[in-house]
1. With every protein chain kept in place and ligands, DNA and RNA left out, what is the accessible area per residue of the stretch 2-130? Probe 1.4 Å, answer in Å².
2. Can you tell me the Rg and the Dmax, both Å, for the Cα atoms in the chain?
3. Heavy atoms only, probe 1.4 angstrom, no DNA, RNA or ligands counted: give me H57, H50, H14 ranked by accessible area, highest first.
4. At 1.4 Å probe size, with no ligands or nucleic acids counted, give the accessible surface of V58 in Å², nearest ten.
5. Once neighbouring chains are kept in place and the probe is 1.4 Å, which whole percent of the accessible area of the chain is contributed by carbon and sulfur?
6. Distance cut-off 23 Å, Cα to Cα: go down the list K18/K99; K130/K403; K205/K321 and report the pairs above it.
7. Give me the number: length gained by fully extending R258 to D72, i.e. 0.36 nm times residue separation minus the C-alpha to C-alpha distance, one decimal in nm.
8. Tell me the Rg and the Dmax, in Å, that the Cα atoms of the stretch 2-130 produce.
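The values are calculated or read from the model by the stated rules, or taken from the named source; none is laboratory data. Quick caveat: nothing in here was measured; it's all calculated off a predicted structure. Surface accessibility is based on the protein's heavy atoms, side chains included, excluding ligands, DNA and RNA. Shrake-Rupley method; radii C 1.70, N 1.55, O 1.52, S 1.80 Å.
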Amino acid sequence: MISQVFILSSKGDHLIYKDFRGEAGSDVVGVFYEKVTALTGDQPPVVMSHKDLHFVHVRQGGLYWVATTTADSSPFTIIEFLNRLTALVKDYCGSLSEKSVQMNFALIYELLDEIVDYGYIQTTSSDVLKNFIQTEAVSSKPFSLFDLSNVGLFGAETQQSKVAPSSAATRPIQSSREQGGKSEIFVDVIERMSVVIGSNGVLMKADIEGEIKVKCYMPSCSEMRIGLNEEFSIGKSQLRGYGAAVRVDECSFHQAVRLDEFDTHRILRLCPSQGEQTVMQYQLSDDLPSAPPFRLFPTIERDSGGRLLMYLKLRCDLPPKSAAINVCATIPVPKGSVSLSQELSSPDQSAELKLQSRAVDWQIPRFPGGTQLSALFKLEVPGLSSASMLEVGPVGLSFELPKITVTGLQIRFLRLSPVQPGPSQRWVRYVTHSDSYTIRI
């Protein structure tokens with residue numbers, strides 16, 4: 001049973017406040033923010049108490065989503081409720097941010113009125129709520145010259161417009177009901193890598209967590225069929241098909257997915273609801289089907305002037321037609337480092353010494369596959385010794401690999417039935433993120 005629900009910005013600004021039972025005053029908002037900011041560490045406890053009141057919160061989109069209760073309610077139930085609430089707000093408002101919440105406060109209050117009645121959760125299903133929610137979402141799209149890159153002579157679309165931008169699925173689900181709204185469905189295959197590479201270049205640990213997400217903007221769709229690789233196998237079972245093997249250790253599915261064709265034809269069947277849902281999750285450990293995407297060749301020494309020299313060569317082992325974007329190498333440096341000079345192999349790179357985190361950040365906006373970049377960093381470290389040189393490393397990499405899945409999982413086809421009467425578009429997108437990519441030096 002829930003007493004209150006409120007949403008706060010990262011600075012403690014009051015965005016949404018809904019009291020369902022009148023058991024506590026509005027001053028609990030300030031009490032919660034004082035408690036959460038007084039704690040040390042980046043991740044405060046999810047459940048906190050103040051007198052007879054219990055606070056349960058999640059942090060998403062840079063906001064605090066908080067529910068209070070005075071009863072002995074299950075915290076896991078309230079956490080699940082808050083996660084579903086954030087998913088609903090994202091579906092209905094298009095994104096999770098302070099600005100979107102401020103612009104759509106009336107819509108969020110209407111959602112809360114339908115979801116919770118006198119503290120009791122009624123439903124969090126977008127299929128049920130779409131019959132009751134009348135408020136339209138307010139979304140603002142800033143003007144960008146990049147939006148004109150797909151327009152040819154006299155406004156004709158170019159071939160580049162056949163590629164959906166990453167922000168295409170970030171819009172309210174009500175937009176599909178508006179007149180002239182696009183009837184689209186997005187299937188995203190997202191993988192996250194956790195890798196540890198030893199100082200000798202040997203792969204020590206590798207974990208991949210992946211998921212298939214569906215975001216539906218179809219006004220009506222009775223069934224969707226998603227075909228995966230025919231040679232897709234789970235666990236150590238016998239490999240299937242004649243193509244390249246695609247194997248995962250574990251796999252789980254959404255409760256709405258029907259698996260009667262999965263064992264024989266590797267087809268997932270489901271009736272998608274409007275909004276976003278994760279239809280499949282999978283995991284692979286300690287067995288990468290290909291080489292890690294990046295290798296580092298470091299040289300660490302001290303020059304005659306007492307400066308610390310770090311010469312780094314970073315190689316991208318992706319296929320030549322692929323590229324990594326938003327690459328950032330974070331190199332921990334000795335305590336007392338005061339200044340940095342640098343020599344980078346290309347002008348689009350940048351580097352900065354972060355004194356607070358005691359690290360050098362090497363930024364690479366785009367890194368084509370099959371290429372190598374280098375950087376020479378010269379650090380002024382008063383009192384540099386052999387012991388302080390051991391403080392260098394390990395190097396952490398963050399990056400994004402568009403159009404690539406490390407496991408090789410692919411969508412063979414995406415079919416809808418019945419066939420949609422109007423024009424509809426289906427988008428399949430692949431992306432791999434670095435969850436934790438560590439290279440010891």
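1. Using a 1.4 Å probe on heavy atoms only, each residue of the stretch 2-130 averages 47 Å².
2. Computed over the Cα atoms of the chain, radius of gyration and Dmax are 25.3, 75 Å.
3. The ordering from most to least exposed comes out as H14, H50, H57.
4. Answer for V58: close to 20 Å² accessible.
5. Carbon-and-sulfur percentage of accessible area, whole number: 51.
6. Long pairs (Cα-Cα over 23 Å): K130/K403; K205/K321.
7. Separation in residues times 0.36 nm, less the Cα-Cα distance, equals 63.3 nm.
8. When restricted to the Cα atoms of the stretch 2-130, Rg and Dmax are 13.7, 42 Å.
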